[in-house]
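I have placed the structure first, in the form of structure tokens, so that the comments after it can refer back to it.
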Amino acid sequence: MIYKDIIKNIKSKNLEKIYLFYGRENILIDNAIKSFKDILNKDMIDFNLDILEIQVNLDTIRNSVETVPFMDDKKVVIVKEFDLLKNSSISEAKENEFIEYIKSIPESSVLVFINSDINKDSKLLKMIKKEGIVCDCDKLSEIDLYKWVRKKFDLNGAIIENAQIAYFIQQTGYLDRYSKKTLNDLENEINKIGSFIDKDKKVSNYIIDKLLVKKVENDIFKLIDFISQKKAKESLKILNDILDEGQSVSYVFSMISNNLKLIIQTKLLVKEGKSNEYIKDKLNKPLFVISKAIKQGKYFSYEEIIRMLNSILDYEYKIKRNIMKDEIAIDMFISEYVKK
């Protein structure tokens, strides 16, 4: 069952006894939680809604689930980041005990798990799928994303054509396989565009290009992430994607170099004890760009960054002198720095 149908059933009180929502899209997960809250008697919600998130075990869940609802049809128990669902080292005995309990959840209660990640091989997950609903909230489908983006632009009072919605989605890179973009990121971009547009409220490709962090810039960030994690296959895959989009090797080298220089600058300012807000203003970059650079800086030493910058200069020299073909040069650069 897809997300929108699950939410529709919840709102109509066509409920299962157990749910699991997992993934990185907090907007989708928060909406699911709100949907459960909305079906409860507002005057009695303190009695009929439990949110458990610290040191949760089977006894805690059992005590909450088996408390009968007070002046309402259902008791809703929401459990956040349940360890049994994501920890593969949990004993089989504990897992089996919980699996048995799932079968006996009273009809008067709804048990809802909210996890950022899960162990997809666990027997517990298979049992929840059998007894209830499991919903992957990692990423919207292309069709649902289109509708969501349209709705957000409408809420901003923006006039946007179908072609511009498609262009916006393409430029964000949200649907890319390795993209870490979330709906929160897209909403921030839409709000930024909404506050910029003129009196005619029309969104053009020019405005999108002017305000949006370009897809290729996001790809370069991801490329540096993969290099820092020594992931050769992923690094070369995203590099090929960038080149297939028509970017030149010279441009890619330039972007990598700029990002490495930004990482050095942020490392120095962090070492001085400066805040992210200060660094943002000092370097005149968006806050999320600064945050990414600071995070990436933890994986590179100063010496390694300097070696990489010098290596880029060396490869660029060889390309200009026709000593080496450009695509061979960039492949060799990537391979050199993803070695264990």
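Every read-out reported here was derived from the displayed coordinates using simple, explicitly stated rules and does not represent laboratory data. From a predicted model like this one, the values you see are computed outputs, not experimental measurements. In this analysis, Cβ positions are derived from the backbone assuming ideal geometry, glycine residues included, and neighbour counts consider all displayed protein chains.
In this simple spin-label approximation, residue 63 and residue 240 carry label points 7 Å from Cα along the Cα→Cβ vector, and these lie 5.6 nm apart. Local charge for residue 23 was computed over the other residues whose Cβ lies under 11 Å away, with Lys and Arg +1 and Asp and Glu -1, and equals -2.
Checking every one of the trypsin sites (Lys or Arg not before Pro) in region 188-228 against DSSP loop status and a limit of 15 other Cβ atoms within 10 Å picks out 199, 201, 214. Rounded to the nearest angstrom and listed largest first, the equivalent-ellipsoid semi-axes of region 216-337 from its Cα gyration tensor are 26, 15, 13. Pairs of Cα atoms in region 58-122 fall into 5 Å distance bins, from 0 up to the last occupied one, in shares of 4, 16, 25, 25, 17, 9, 4, 1, 0 percent.
Its relative contact order, with pairs defined as Cα atoms under 8 Å and 6+ residues apart, puts region 54-135 at 37 percent.
Size descriptors for the chain: radius of gyration and Dmax over Cα atoms are 24.5, 81 Å.
Our compactness index for region 142-212, the C-alpha radius of gyration over the empirical 2.2 N^0.38 Å, is 1.01. Here region 3-136 was treated as a single set of alpha-carbon atoms; its pair distances binned every 10 Å from 0 give 12, 47, 35, 6, 0 percent.
Per-residue extension of 0.36 nm, minus the Cα-Cα distance of residue 119 and residue 161, leaves a gain of 11.0 nm for this segment.
One chain, two ends: residue 195 and residue 276. Fully extended at 0.36 nm per residue, the span grows by 26.8 nm beyond their Cα-Cα distance. The distance separating the Cα centre of region 81-110 from that of region 165-240 comes to 39 Å. Mean residue ellipticity at 222 nm from the helices of the chain, using -39,500 (n - 2.57) per DSSP H segment of n ≥ 4 over the full residue count, to the nearest 500 deg cm²/dmol? Result for the chain: -18000 deg cm²/dmol, rounded to the nearest 500.
For region 99-149, which trypsin sites (Lys or Arg not before Pro) are both in a DSSP coil and crowded by at most 16 other Cβ atoms within 10 Å?
Loop-located and lightly packed - 103, 120.
The alpha-carbon positions of region 90-226 define a convex hull whose volume is 147 Å³ per residue.
Once the chymotrypsin sites (Phe, Trp or Tyr not before Pro) in DSSP loops with at most 16 neighbouring Cβ atoms within 10 Å are cut out of the chain, the longest remaining piece is 179-298.
The gain in end-to-end length when the residue 170 to residue 306 segment is fully stretched comes to 45.6 nm, 0.36 nm per residue minus the alpha carbon separation. Legend: residue pairs 230/298; 139/237; 192/280; 34/120; 13/103, Cα-Cα distance threshold 19 Å; pairs beyond threshold, 139/237; 34/120; 13/103.
What is the magnitude of the charge dipole of the chain about its Cα centre, with +1 placed on the Cβ of each Lys and Arg, -1 on the Cβ of each Asp and Glu, and no other charges, expressed in debye to the nearest 20?
For the chain, the charge dipole is close to 820 debye.
Can you compute the FRET efficiency between residue 188 and residue 254 using 1/(1 + (r/R0)^6), with r the Cβ-Cβ distance and R0 = 35 Å? Round to the nearest 0.05. That gives a FRET efficiency of 0.85.
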